[in-house]
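Participant: The structure's right below; bear with me while I get my questions together.
The values are calculated or read from the model by the stated rules, or taken from the named source; none is laboratory data. No experiment lies behind these values; they were computed from the predicted model shown. A quick note on method: Cβ atoms are made from the backbone with ideal geometry, for glycine too, and the neighbour counts reach across all protein chains shown.
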Amino acid sequence: MLVDNHLLLLGAAPLHPDLGALDGAVLAARARRERRETQAVTGIAAAAALGIGIMGGLAPANEQGGMAMPFGPPVALTPLIALGQG
């Protein structure tokens, strides 16, 4: 068979010296690209978290002029609120 002969010749041929380094170069380029993308996403997430924190700190106080409670009223006022006196 003609195809078998060509495959045998191809298998016996020496490899090009740059062919072995091709995979390493491609993997290194991919690693550099992924590192840049990861750093960009981390930077965007950090900037967003910082912005949310700043905006939360600048939020106006409630109507009574006190501090806004992030998780509801203080524990000391909870029984009064439950009884409708707070």
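Participant: Among A45, A49, A21, which is more than 16 Å from the chain's Cα centre (by Cα), part of a helix (DSSP H, G or I) and surrounded by 10 or more Cβ atoms within 10 Å (Cβ to Cβ)? Walk me through it before giving the result.
Facilitator: Working: A45 fails: more than 16 Å from the chain's Cα centre (by Cα); A49 fails: more than 16 Å from the chain's Cα centre (by Cα).
Just one listed residue meets the conditions, A21.
Participant: When you look at E37, is it acidic (D, E) and either at pLDDT below 80 or touching a strand residue (DSSP E or B) at 6+ places or on another chain (Cβ under 9 Å) (or both), yes or no? Before you say what the answer is, go through the steps one by one.
Facilitator: Working: acidic (D, E): yes; either at pLDDT below 80 or touching a strand residue (DSSP E or B) at 6+ places or on another chain (Cβ under 9 Å) (or both): no.
Spelling it out, it is not the case that E37 is acidic (D, E) and either at pLDDT below 80 or touching a strand residue (DSSP E or B) at 6+ places or on another chain (Cβ under 9 Å) (or both).
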